[in-house]
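What follows is a set of notes on a single structure, which appears directly below.
Here, each number is a calculation from the coordinates, and none is a lab measurement. For clarity, every value in this text was computed on a predicted model and none was experimentally measured. Here the Cβ is made from the backbone with ideal geometry for all residues, glycine too, and neighbour counts use every protein chain on show.
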Amino acid sequence: MGVVAERDAVAILLEGLRRLEYRGYDSAGLAVLDAGQRLQRHRTIGKVAALTAAQAAQPVYGHTGIAHTRWATHGAPTEFNAHPHIACDEVAVVHNGIIENHEALRRELRAQDYAFHSQTDTEVIVNEIHAQLAATGDLGQAVARTVQRLEGAYALGVISSRAPGRLIAARKGSPLIIGVGIGEHFIASDISALLPVTQRFILLEDGDIAELSCERVVIRDRNGVTVNRPVQTSELSAQAVDRGHYRHFMLKEIHEQPRAVSETLEGRLSQSRVLEEAFGSEVGAILDRVERVQIVACGTSYHAGLVARYWCESHAGVPCDVEVASEFRYRSHVLAPATLLVTISQSGETADTLAALRDARERGYLATLAICNVPQSSLVRESDLILMTRAGPEIGVASTKAFTTQLTALLLLIIALGRRHKLSADCEAAFVRALHNLPRQLEAALALEPSIEALAEEFVDKRHSLFLGRGVQYPIAMEGALKLKEISYIHAEAYPAGELKHGPLALVDAEMPVVTVAPNDELIEKLKSNLQEVRARGGRLYVFADAATAIATEDGYVVQTVPQSDEITAPIVYTIPLQLLAYHVAVFKGTDVDQPRNLAKSVTVE
């Protein structure tokens, strides 16, 4: 976060950090140029509230400032490692990203008598900028020279006592935007931080360096050429990123899913067909040529891709591979002809997914398609085709509505692709009817919350759990396990139910709750047999089941009946109870639901 204004910057910086806290919350800090153009700094361990308290206890003021809330990469969360970092009381820097050649640069700078007080790669940047400033006498030139020496990813905010009233920003690989005000300008890593002060934004491109003052913004590209980047107006309001009457953002976002799914479907369905023209004018010609799909994603988005693989091969008749982006980008590939690369990311800034997309340009994919929630993101700007999820801002670190809207968007894509292969018009019409019904079915699933809250109490003293599913529900079990481990810190693993007897059954006892997803599909009888294997070993079963399965609560079983859903959309519906279970277990355990330890919302580093 950064501000250059004619009013005091500190309150703006603190509010911006509060709104950015979902991205990192190990430590926080701010630095401003005071009335005497001296750098003044506060840094604290922990959350932004601690920084706010430090400011209240010993106020600093200034019209030009930078601030940062950290998710630790290099060095533990300590005050010395917190940003901003300062060199020789003259230059201050905040930084997102990772500098890969920091050790070599540190050796050079130590030879020039620069001191280092932290374990971070960022301190290399601020000392290098100071050295270049001494050589050039100009802060903008000093930053330009410095970034030419950096290998890795960065978003930078820089101020200096030798350049009052100026704020320098630079980006490569990490998101950074400029907020445009009247007589004031801002930088931030996310639009949400700036909504209280402006709705007008400039998106910096990779390699851009911007110089901000109260009066103007000057942007130069990677070649040093002055460029004009368009000013865009956001339709989001500051209230869109508030949690309202809900106790946590995560609960708010769970309950927003019927609306989010409805908006993802809006304008993309007729009564019986998917309107693929709504995806873009070029999509039809590209889908006509697709013979194979490669999906690349991370975390929750990867689970959405795994569901899509079942749909794609079962209903569209098109081969589909799914891979974790961090592995995909570092292995050799055998690329089949006419392959569509589909990347999935809530933020559109996930470093590994972005790298996979960029690598794909050199490999000869037919086209690239991004499924994303942030229209201004790098992933969206760099893809051939776009399918926005329209989930709205998601603040809780554990993704909820992003997942269900990703699944919805993927199903739209697969129907559009499938009609060119094995999907009949009658099947498409049936799937479209199911999609029309989906928001109502999600509302019915949310109505289960009181009984799921009561169920959650039984997990509070548990340390481990298993999640089971079969077929297309196996990735939903994986997502349920991920949600529970993310926010409750209970170790949770998911398995295909048929795999129990090949190893995991050894873990089952009365202290190992086994959560099972059991819609009434073609695998239900097989699944019932797997449940008997657990029951016979004294395991405690928690079964989310369609009433038509005839699975009833009895000794060793706790059955939560889930309202009937269409088979094609059942994975989306069954996601809701698992999210609610994880949420209420975490609340009972007293963990930090929205900001679980060690995790960040948008992972913009490797």
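For the reader, a short list of remarks on this structure follows.
- Neighbour counts of C-beta atoms inside 10 Å place 279, 403, 116 in the sequence 116, 279, 403, starting with the fewest.
- Total charge dipole magnitude, the range 299-436, about the Cα centre, Cβ charges on Lys, Arg, Asp, Glu only, Debye to nearest 20: 240
- With K and R counted +1 and D and E -1, the other residues having a Cβ less than 10 Å from that of residue 257 yield a net charge of -1.
- With the helix formula -39500 (n - 2.57) applied to DSSP H stretches of n ≥ 4, the chain reaches a computed 222 nm mean residue ellipticity of -10500 deg cm²/dmol.
- Taking the range 2-233 and dividing mean pair separation by its residue count, relative contact order in percent (alpha carbons under 8 Å, at least six apart): 19
- Gain in span if fully extended, residue 564 to residue 270, counting 0.36 nm per residue against the direct Cα distance: 103.5 nm
- The range 249-589: C-alpha gyration tensor shape, a/c 1.5 cut-off, then a/b vs b/c: prolate
- Test item: Cα-centred dipole of the range 122-211, Lys/Arg +1 and Asp/Glu -1 on Cβ, debye: 140
- Summing Cβ point charges (Lys, Arg +1; Asp, Glu -1) relative to the Cα centre of the range 170-247 gives a dipole of roughly 140 debye.
- Long-range lysine pairs (8 or more apart or interchain), the chain, Cα under 17 Å: 15
- Shape category assigned to the range 248-348 from the gyration tensor of Cα positions, a/c cut at 1.5: oblate
- Global geometry of the range 2-233, whether rounded, prolate or oblate, following the gyration tensor of its Cα atoms and the 1.5 cut on a/c: rounded
- Placing unit charges on the Cβ atoms of the charged side chains and taking the dipole of the chain about its Cα centre, the candidate lying farthest along the positive direction among 468, 513, 116 is 116.
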